Amino acid sequence: MKTVAEFSIRYRQIMGPDGSVVGPLPKFAEDVSCIVDMYRAMTLVRVFDTKAVNLQRTGLLGTYPSCLGHEAAHVGIGAAMRPEDVLAPVYREFGTQLWRGVSMTEILAYWGGDERGNDFAVPRQDFAWCVPIATQTLHAAGAAMAFKIRKEPRCALAYIGDGGTSEGAFYEALNLAGSRALPAVFVIVNNGWAISVPVAAQTAAQTLAQKAIAAGIPGVQVDGNDVLAVREVVGDALDAARRGEGPTLVEALTYRLSDHTTADDASRYRSAREVDAAWAIEPLIRIRRFLIDAGVWDAAKEALLLEECAAKVEAAVTGYLAAAKPSTDAMFDHLFAELPEHLHEQRLTARRYGSKHSGH
Amino acid sequence: MVEAIALAHGWEMQHDPDVVVIGQDVGANGGVFRATAGLQERFGSERVQDTPLAEATIAGMAVGMATHGLKPVAEIQFMGFLYPALDQIVNHMSRMRNRTRGRLSCPVVVRTPHGGGIHAPEHHSESTETMLCHIPGIRVLCPSSPVRAYGLLLAAIRDPDPVMFLEPVRLYRAMRQEVSDDGRALPLDVCFILREGSDVTIVTWGAMILETLRAVALLEERHISAEVIDVATLSPIDIGTILESVAKTGRLVIVHEAARNVGLGAEIAAQVAEHGLYDLQAPIQRVTGFDTVMPLFKLEHDYIPGVQRIIDAVELTFAD
Amino acid sequence: MSTFRLPDLGEGLAEAEIVEWHVKAGDHVHVDQPMVSVETAKAVVEVPAPFSGIVTALRAAPGDIVPTGAPLIDFDSGTVVGSMPATSEQEFVESVTVGRSRGRSGQPRGGAESRSRALPAARALAKRLGVDLAAIQTAGDSGVVTLDDVLRHANISAPPSPAAPPSAAARAIAAADPADGTVEPLRGVRRAMAQSMSMSRDQVAGSTVCDDADIHHWTVRADYMLRLMRAMICAWRAEPALNAWYDSASHSRILVAHIDLAIAVDTPGGLIVPVLRNIEKKSPGELREDIARQKEAAHRRSTQPEDLRDFTLMLSNFGTLAGRYGIPLVVPPAVAILGAGKVREDAVVVPGAGTGAGAAAATVQAHRRMPLSLSFDHRCITGGEACRFLAAVIADLEKPD
């Protein structure tokens, strides 16, 4: 028998867990201020995330999916994308979204049960949060198709979790994007767990990146806790897509330090030892170390940064808590471009019975 | 109710080795609502399996397991995620017996949480039972109490044909009720009369039982005696019990959380108009969700019909 | 089981003191339910339950100082999403009956006596008319009250329907003994008469004025029919309103420009009413011929259908048989019919010649007189018009020739 095809999956890491440089620095790292910007963004999203969990714990927010531990993957990707590109998120990638201009108030509004959170003021063309797993990958492929047909130099980037790579839609999206050489990038954030199901139970594949091979597109792994490596790998993938070379599948390896959502209890199905080990290599440690070693960061700057982040988060929370409950008309306002006549009466009925308070 | 569901699983798996459970997070986690809590410890990881994250996989694999000797009880984590599975349910589960002239059949139960009102994230509050009721070849059940959840789930698992078992999330922990773990199934294809009355018939199912019973108590104070019928088997529907009640009371109000347009209430109203027109003393009233997308939870209690809407509908049947 | 830790209660507070627990182990709690009061450096704060579930253990006692992030309470939470209403403390008690198909035991409650079954429209009409449904006898077998049943019960005439109950007459006929006679269904002219007379009764507002024409001075023993027709033509010229077609639905009439006179002909088979066309244009000879021809055709039952319709005025010379005055029936769309009774010798008062003191005394003489009865449809003919018409008829009839 002769070999007709072979594949290999390469792995990229630039900073080791302790912050030491273990791989060649990419070009963008020559401007250290952009790395500082990414670190600031990672810190902000962590402070925000902690606050959001706390809001839920004190009854002021609905169920919330924490992004604790994912800051490098999310911010690295945000920084690699251009403003005119389009993001198709799942529901956890707040670091990317904050970088792209989604406001913290919008995030809180959505998880606080108000659709106005999806009406992004800044990234107007980004997709909204997507709960039905993997459906967003096809949306990204479709948007990429639109860019191709309309000859717009833009890319679509879709996130997906490790669990999501078991869904049919994921394979279909890769297949479509590959077969049509669409300007799309698919990023698997492999954080080890799909609620209570570990990656090993999702698939027999050695890596998730190699699912790209079946679609005939490049697949690459990256250390998802290394913001420099993520930025570089995803940046390269976006460049290739923009040049018309088709899509890439990127698998970013990280760990879900939090429960699946605030209503989950991960201690039921995973060991404290595993979680502790993951904390030891979490993403903020190494980038902070890198910047300190580069002489551009210190304790004073850290304290100032935390203060600034706290203030920004507080302001966002104040805005969120002050928002009035939507009126019952909100159920009808955006159902169609123009509400059909036969629904006018229902709109009146809803007003008549509308409750004054949210909740029960 | 969720504990009753776990109990029913346990009884049936104990007595029938062919019963298996598949779904996401049903194993070690015991299900996101704990409906399968403790089962994997008791029966092992082959009979209680966490599947990969794919609803089409769950439904399709259930077809294969059921046609070849097993009785799968498949959990779809939320009704909002049922849709990738619809291809398998509609194109295969529902018609396997028919298209093979009885040679192959699908003794499958697909369980899924139904309805909203629990402050859940987007897509977690669906009630699209009408879509399922429209499919010939499957049964659609919706229990409204722990006792009925236990008895109907046993009946569903024992039934040789596919059953969609819709579990109202709002009732999962709402009622404390003694459930006798005796393996006794309740009958399928019948309504349950929860309360006898003489002035008006109120037909409902699922979590709307709560608002309905509260409304009925208030109506009692106004000397209106309501008969409350829990449909339970949404399809095929036991219209006979409803007709008998309407013959007695002359007035009918149908209450459901699902949207109004083409809801199951429309089918009930059509059948009562066909077979019980002369018993009606007033037009049939439907109290339903609006024909809008289920809103996020800030507005969900404006969407779900409240007690006042039910009372007003009953009063309307007495208006001149 | 999950351990809930004391959250950051604001402004980076490092710790709080437990003041009072509101829940205990074993309680079912729901999200947002007040769980514990704690005192911080700033205030006493309520910490709500973060999710629904069962409390398995309290991890701190009142008076304990708990650092932020330290274990506070253990739960079996059991949910991944959302927040569910608490399991109620009270047992959910039901008394449930299984539905019909499996044999429901127990009768419907006593108070629910069998209600009347009725078509919805009938029910609504009965309510409007103040009729008690239960008191209505239904015509059909189904026991369902129909609109006709309600109308009948409320004594409003409705168009005859197949479901109408048998009348007294029908019952009598149905119950007749062969010795009483044989049932003869009405056909042909008799049936037509029944129908047109029913129509007349239903539609016309009939009124009749009677008088006599003194024909004592006729020079020749004239043909009554021809004299009557001539008189009617004269009267029409004086008062055209009685030669018209009236349509009540559109509230309109046509004063017809010619007279098509229907004459009643009595035959052994029944009443036939042929029409003489344009009598005002014809000579007496022609009219005589028309009459003869139509009478013969009537007796031979060969009257053409077109000769039976579209008459504008009617004449019934029943006096050839018997009868002084009558109340002839107007047949729509015509609006008048003149009936002529039997000519007889009457005692009439004849005024004496002259006036004033020299006048001769009135005498009573025997004069031949023709009684006349003019029926008209008072919906569109006034009494004045009718009387003027009659006066004109009489004036012409009283001429010697």
Cβ charges +1 (Lys, Arg) and -1 (Asp, Glu), total dipole of chain B, debye: 600 debye
Residues with amide H under 5 Å from that of B:V20, placed H, sequence gap 5 or more: B:K71, B:V73
Relative contact order [Cα under 8 Å, 6+ residues apart], chain B, whole percent: 15 percent
Mean residue ellipticity (222 nm) of chain B, computed from DSSP H runs ≥ 4 via -39,500 (n - 2.57), nearest 500: -10500 deg cm²/dmol
Phi-based couplings in Hz for the range A:231-238 (Karplus 6.51, -1.76, 1.60; Gly and Pro marked x): 4, 5, 4, 5, x, 4, 5, 5
Distance cut-off 35 Å, percentage of C-alpha pairs in chain C lying past it: 62 percent
Exposed GluC sites (Glu not before Pro) absent: longest stretch of chain A, with sites in DSSP loops and at most 14 other Cβ within 10 Å deemed exposed: A:85-244
Eligible aspartates and glutamates near C:K282 by straight Cα distance, threshold 14 Å, same-chain separation 8 or greater: C:D260, C:D290
Exposure proxy ranking, count of Cβ atoms within 10 Å, fewest first, for C:V265, B:V228: C:V265, B:V228
Vicinal HN-Hα couplings computed from phi for the range A:8-14 (Karplus, 6.51 cos²θ - 1.76 cosθ + 1.60; Hz; Gly/Pro x): 9, 10, 9, 10, 10, 9, 10
Simple spin-label estimate for C:C210 and A:Q206 in nanometres, 7 Å along Cα-Cβ: 12.8 nm
Tilt relative to chain C, helix C:120-129 - C-alpha long axis, 0 to 90 degrees, to 10: 70 degrees
Check: the protein assembly as shown dipole with +1 on Lys, Arg Cβ and -1 on Asp, Glu Cβ, in debye: 4040 debye
The range C:300-359 versus the range C:176-205: alpha-carbon centroid distance in Å: 25 Å
Relative contact order of the range B:192-316, pairs being alpha-carbon contacts under 8 Å that are 6 or more residues apart, as %: 29 percent
Phi to ³J(HN,Hα) by Karplus 6.51 cos²θ - 1.76 cosθ + 1.60 over the range C:390-399, Hz, x for Gly, Pro: 4, 4, 5, 4, 5, 4, 6, 5, 7, 5
Which of A:P153, A:F94, A:I14, positive extreme of dipole for chain A (C-beta unit charges): A:P153
5 angstrom amide H check on C:R117, placed H, neighbours 5+ away: C:V145
Furthest towards positive pole of dipole, A:Y255, A:V197, C:Y246, structure part the protein assembly as shown, Cβ charges: C:Y246
Extension gain (nm, one decimal) between A:V275 and A:L306, 0.36 nm per residue minus Cα-Cα: 8.7 nm
Assigned charges on the beta-carbon of Lys, Arg, Asp, Glu; the range B:122-216 dipole about Cα centre (debye): 200 debye
Theoretical FRET efficiency, 1/(1+(r/R0)^6), r = Cβ-Cβ of A:L284 and B:E221, R0 51 Å, to 0.05: 0.25
Pairs beyond 25 Å (Cα-Cα), from A:K51/A:K211; B:K298/C:K24; A:K51/A:K301: A:K51/A:K211; B:K298/C:K24
Helix C:188-203 vs. chain C, principal-axis angle (Cα, 0 to 90°, nearest 10): 70 degrees
Relative contact order for the range B:13-109, counting Cα pairs under 8 Å that sit 6 or more residues apart, in percent: 28 percent
Isotropically averaged projected area of chain B, using the convex hull of Cα atoms (one quarter of hull area), nm²: 16.0 nm²
Top of B:E221, B:E12, B:E211 by mean-square fluctuation, Gaussian network on chain B, Cα under 10 Å: B:E221
Semi-axis lengths (Å, descending) of the ellipsoid that matches the C-alpha gyration tensor of the protein assembly as shown: 95, 34, 29
Under 5 Å, built H, 5+ apart or other chain: amide partners of B:V287: B:I254, B:V255, B:H256
MRE, 222 nm, helices only [DSSP H, n ≥ 4, -39500 (n - 2.57), over chain A, to nearest 500]: -14000 deg cm²/dmol
Partner aspartates and glutamates for B:K248 [C-alpha distance under 19 Å; skip if fewer than 8 residues away on the same chain]: B:E196, B:D199, B:E220, B:E227, B:D230, B:D238, B:E274, B:D279, B:E315, C:E113, C:D132
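Laboratory data are not the source of any read-out in this text; all were calculated from the coordinates shown. Quick caveat: nothing in here was measured; it's all calculated off a predicted structure. Please note: Cβ atoms are built from the backbone with ideal geometry, for glycine as well, and neighbour counts cover all protein chains shown.
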